[in-house]
1. Of the residues that sit in the stretch 57-111 and are in a strand (DSSP E or B) and open to solvent by less than 20 Å² (accessible area, probe 1.4 Å), which one is farthest from residue 154 (Cα to Cα)?
2. For the stretch 267-294, which positions are assigned to a helix (DSSP H, G or I), of a type in the set (A, V, I, L, M) and surrounded by 14 or more Cβ atoms within 10 Å (Cβ to Cβ)?
3. Answer with yes or no whether residue 213 is at pLDDT 95 or above and either open to solvent by less than 40 Å² (accessible area, probe 1.4 Å) or among the charged types (D, E, K, R) (or both).
Amino acid sequence: MVMTLRRLSLLASVLGCVIILTIGVHKSQHGTNITEKMMSLSAMLKKEKKGNVLAFDGIENCEWCKASEYPPLPYDKCKHKDFLFRFGVYGGLTNALHFLLKGAVWAFEEDICFFVDERGPIQSRLAARDPPQENIDPFLERYFEPIGLPRNHKMVQKAFNQHLFAEPGYHQIQYHEYGKFSGGILPRNDPIRHKKRDIESLYSYGKDNIWTKKWMLRRLFRILPKMRDTACTRLKNHGLNEKYIAMSIRRGDKALEFELASSLQPYIDKAEIAIRTHFGGTPPKIFVASDDCSVMQEVRDLRPTWTFVGECDNASEDNGFVIAETKHWSVEQTDKHYEKFITEMIALASASYFIGISNTNVALFVYFMRHFDATDDTWIFVDGDKIPH
């Protein structure tokens, strides 16, 4: 027994030396400090867990209501410095964030630094305002920690001065990520969803595609503490103390595109199935997130005995979100909308069961905000059985 313990101790020491040696070799090749690589290695080694419905100890104790356990991405530690990726901020908030997530994965796979430019090549519609309002610049950093290199970084300044940017557009990012133009959803059993990925610059090798995106998201998408505290206080006031269902109902500028956006019965039908399969037949609270607050009364009329809660009970958005209208918003209106929206994102990601629709970027981004151990049997779209990848 003593000999076995000695051998195990020796093996652990050898493995430790191998890790340190590997990091040292990588440092000599890429010029990256050991501390940064150890942080990346620590973040990578967080394991994916398995389970049916996650344990839940109140919304205030959920992952997104606490400081991140993951270090931010090392945006300035790239091997190739001859040029930078320059990513625009396209569409609505979750469309933009999902685009940046896919772009960041590409950048770190190639070991190239990147810069997020809200001013160009195309002005971000999130930030643009018509006179007399002034553009909100920066926009993303009003609510989140910086993503990518800052505008005043020497590498960014050099890239501007010497025209050293590569500027992948929306369709190029989609093609790189999916191999074709794709909405980012596949049948849940499609093996492509779980392809293996390597990100050598972050010491991530042979990791599952879904795991990789969840891991990268947590290092890129970091809600500012003040915004996080505001959102989570609001959610606590909804009494989300036990496991709950979340519904994401999108109308606004999507309502003309898809008939299901105006019908709420499919959401109720899916909720009834979830209650039977995951909640022992007892309806839990249901958090409703929507850009059209008229849905609250509609779902309550459909199931008067169920308990529906949501930010819409304290808001007045009743026409749906239309991005073309944001150019008229004041700073106060902008903050009010995104405080509600970020609160809803946290609620959707933290729910034990998600019901949504595939035509909204909210769902495509929130899928990767969910816990590593959230299983696909707790995620359903009302318009088909495909899910994000």
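The values are calculated or read from the model by the stated rules, or taken from the named source; none is laboratory data. On a predicted model such as this, the values are computed, not experimentally measured, just so you know. Glycine gets a Cβ as well: all are built from the backbone with ideal geometry, and neighbour counts include every protein chain shown. Each accessible area value is taken on the protein alone, full model and side chains, heavy atoms only, with ligands, DNA and RNA left out. Shrake-Rupley method; radii C 1.70, N 1.55, O 1.52, S 1.80 Å.
1. This residue is 88.
2. 268, 271, 274, 275
3. Values: at pLDDT 95 or above: yes; either open to solvent by less than 40 Å² (accessible area, probe 1.4 Å) or among the charged types (D, E, K, R) (or both): yes.
Criteria met by residue 213.
To keep it simple, each residue is scored yes or no on (1) open to solvent by 10 Å² or more (accessible area, probe 1.4 Å); (2) at pLDDT 95 or above; (3) in a helix (DSSP H, G or I).
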{"site": "355", "(1), (2), (3)": "no, yes, no"}
{"site": "358", "(1), (2), (3)": "yes, no, no"}
{"site": "365", "(1), (2), (3)": "no, yes, yes"}
{"site": "368", "(1), (2), (3)": "no, yes, yes"}
{"site": "371", "(1), (2), (3)": "yes, yes, no"}
{"site": "377", "(1), (2), (3)": "yes, yes, yes"}
{"site": "380", "(1), (2), (3)": "yes, yes, no"}
